[in-house]
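Data first, discussion second: the structure below is written as structure tokens.
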Amino acid sequence: MSIPSLQESVRRQREALTALLGVPMQQLAQRCIPLLGDRPKLEELLSETLPQLAPCKHLYVLDAHGFQLTDNITRDGRDPSQFGRDRSDRPYMQGIVGSTDFKLSEAYISRNRKRPSLTAVQVIRNSQGERCGFLGADYDLRELPHTEALYQEPRTWRQLKGDPSIRAGLFQQCRTESRMDHNIDEVLAVMRELISEHGVFHGKLHFSSARATVWLVDDPFSYRILGIDELIDPDTCLAWPRRPYLERACVPLEAIMPVFELFKRLRFADENIYLRAGSLNIVNGLVALNFSCDGSHYLRFDEFLGKDTDFWFRG
């Protein structure tokens with residue numbers, strides 16, 4: 001079964017929200033029709049119905065031209081400041097007429113609270129099918145129910161271009177040997193030991209600045225920064241308790257050092273185009289590379305090991 005892309009995960013979530021909100025919005029729109037000329041009764045209906053549309057933030061009715069006919073009905077009462085407001089130019093009103101009678105807007109940043117929000121809009125039609133208004137319901141994204149499982153990063157190769165100004169001056173620069181370069185074998189040995197024996201599941205080597213950042217299974221929400229003095233000292237391994245190699249790891253233990261050795265070759269293969277930073281995550285199996293041209297690559301460890309240095313520097 002393929003892992004859905006980020007866009008596919010968002011699409012599925014939007015479909016679930018549309019199914020959740022569409023029917024009650026349509027039913028409420030029908031009840032609004034005979035009350036469109038009676039603002040107090042219309043606002044009373046919205047107030048009574050708001051709890052059924054939880055977690056709706058604002059509920060209101062617009063006329064056929066997009067001007068607000070009611071106060072904003074909220075969980076804390078009525079907000080009269082929005083009465084008469086022209087909402088016709090708001091993003092959620094675009095494309096509603098002539099395409100569908102219900103629309104779930106794209107997410108946007110709200111004007112007042114500056115939070116990601118979305119709006120459900122239902123066209124109100126009379127018995128002759130004529131458009132006579134709109135029912136609007138605003139939602140705070142953080143309060144909406146989420147039906148989608150946690151998004152998983154796909155393991156397909158991704159290449160991201162960096163700063164064009166760095167690429168333009170690529171051949172006016174050359175690699176300057178760092179302390180990590182000078183002690184590369186000791187650094188790689190210590191990093192391998194931290195991953196295989198001390199619970200580090202993600203490690204990133206910053207070759208140019210001679211440091212590393214590591215994430216440990218015992219405290220995954222915080223990363224540690226190791227300077228070059230720590231990275232060349234095997235005593236650093238004593239700082240954390242020993243842990244068995246992670247069961248969740250998809251990178252075989254014997255593949256760790258070959259990945260690091262290929263980092264080393266990419267670091268020294270060329271004086272102009274060289275590896276600035278490389279990371280390995282043994283849980284999702286991804287290798288990340290950042291080169292002197294500021295280009296970045298993300299790919300599976302086995303795919304990475306299948307490419308020699310000629311591949312990276314061809315052309």
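Please treat every number below as a calculation from the coordinates, not as lab data. Small disclaimer: the values here were computed from a predicted structure and weren't measured. Counting neighbours? That spans all protein chains shown, and the Cβs are built from the backbone with ideal geometry, glycine included.
Taking 21 Å as the straight-line reach from the Cα of LYS204, the lysines in range (excluding those fewer than 8 positions away in the same chain) are LYS161, LYS264, LYS307.
Bridging of LYS41 to aspartates and glutamates at a Cα separation below 20 Å is possible for ASP63, ASP71, ASP76, ASP79, once same-chain residues fewer than 8 apart are set aside. At full extension, ASP270 and ARG248 could sit 4.3 nm farther apart than now, given 0.36 nm per residue minus the alpha carbon distance.
The eigenvalues of the Cα gyration tensor, multiplied by 5 and square-rooted, give the range 6-143 an equivalent ellipsoid with semi-axes of 22, 17, 14 Å from largest to smallest.
Note on PHE311/GLN94: beta-carbon distance plugged into 1/(1 + (r/R0)^6) with R0 of 45 Å gives a FRET efficiency of 0.45. Across q = 0.13 Å⁻¹, the range 1-87 modelled as identical point scatterers on its alpha-carbon atoms has Debye log10 I(q)/I(0) values of -0.51, in the order of the q list. Helix 256-268 and the longest principal axis of the Cα set of the chain meet at an angle near 80°. Rounded to the nearest 10 degrees, the inclination of helix 184-197 to the longest alpha-carbon principal axis of the chain is 60 degrees.
Extension gain, GLU143 to GLN52, is 31.3 nm, computed as 0.36 nm per intervening residue step minus the present C-alpha separation. Against the chain, whose longest principal axis is taken from its Cα atoms, helix 6-32 shows a tilt of about 10°. A Förster radius of 22 Å, combined with the Cβ-Cβ distance separating GLU230 from HIS182, puts the computed FRET efficiency at roughly 0.90. Between ASN112 and ASP86, the contour length at 0.36 nm per residue exceeds the Cα-Cα span by 7.8 nm.
Over the Cα atoms of the range 202-310, the radius of gyration divided by the Kirkwood radius equals 0.96; this is the Rg/Rh ratio.
In plain terms, the chain is cut at each of the trypsin sites (Lys or Arg not before Pro) found in a DSSP loop with at most 13 other Cβ atoms within 10 Å, and the longest leftover piece is 162-241.
Phi angles across the range 227-234 convert, under the Karplus curve 6.51 cos²θ - 1.76 cosθ + 1.60 with θ = phi - 60°, into 3J(HN,Hα) values of x, 5, 5, 6, 6, 9, 10, x Hz, Gly and Pro given as x.
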